Amino acid sequence: MAEEFHKPTKFPGRVFESFQGGIDPAETSRIAHETAVALLARVRTDPDPSVIDRLVAYTEEHGIDAIAELWSRATPRSLPGALWRIYLLQLMIREDPESASYLFTRGTEIMQTIDPVVAGAPIPAGPQEIVTLADQILRGLFEGDFAVALERAAAFCRVSASGAASVADDADAAEPVRSLDLTTRALRLTTLARDLTGCARLWRQDSLD
């Protein structure tokens, strides 16, 4: 994946839609897990605000190449897999905050669950509020309750998936290609939400590694 981009990488929604997880060879898997554990332990032990600021802004400044190289092929329900998915979600939102806020807001209008509250965005949420939410979630991995940060991200994904599916239904007759793209996005977000929820559960069981 990293070979296809120059830094800083722009990561549009279309690339996100085609994202597929996988299992790396054993050595790369070992490196992924060791780097994820070392990073998280280092920052959470001494949560220096300036360090956390740099980690939150990393992909905006440098692209996602290095992170993808380390963590993108880790198994979904693992520590590096969780970190990769949060960074990917953050960058997806930053690349197109208008679409992200639109789909999230649509989801809040039709969902009857607590997910909009868990996600923690204001309702209605504009593009800047959604970008702020993404940064807050990522920051929460390093200085807050790790499981809560994952659950907020999962809730955001479920709300956005609901919004994407609703907009896809509206566009089905007049814009079939757009409808298909939105349906694919909804499926990806649903899968992402499921993986993040699983990671949160494993973290609480002290089994996320």
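The values are calculated or read from the model by the stated rules, or taken from the named source; none is laboratory data. Here the structure is a predicted model, which means the values were calculated and not measured. As a convention, Cβ positions derive from the backbone with ideal geometry for all residues, glycine included, and neighbour counts pool all protein chains shown. For the accessible areas, the whole protein counts, side chains as well, though only heavy atoms, and no ligand, DNA or RNA atoms are used. Shrake-Rupley method; radii C 1.70, N 1.55, O 1.52, S 1.80 Å.
Things to note:
- Nearest-20 debye value, the chain charge dipole, Cβ charges on Lys, Arg, Asp, Glu: 400
- Lys/Arg +1, Asp/Glu -1 at C-beta; the chain dipole; positive extreme among Tyr58, Pro97, Ala193: Ala193
- Across the protein chains, with a 1.4 Å probe defining accessible surface, the residues Asp96, Asp115, Asp53 rank Asp53, Asp96, Asp115 from largest area downward.
- Rough spin-label spacing in nm, given labels placed 7 Å along Cα→Cβ, for Arg42 and Val118: 3.2
- Computed from Cα positions, the angle between helix 176-204 and the longest principal axis of the chain comes to roughly 40 degrees.
- Extension gain, His62 to Glu175: 0.36 nm times the residue separation minus the Cα-Cα distance gives 37.1 nm.
- Working from label points 7 Å from Cα in the Cα-to-Cβ sense, the Gln136 to Arg204 distance is 2.1 nm.
- Taking each DSSP H run with n ≥ 4 as -39500 (n - 2.57) and averaging over every residue of the chain yields -23500 deg cm²/dmol at 222 nm.
- Percentage relative contact order, the chain, counting C-alpha pairs under 8 Å, at least six apart: 23
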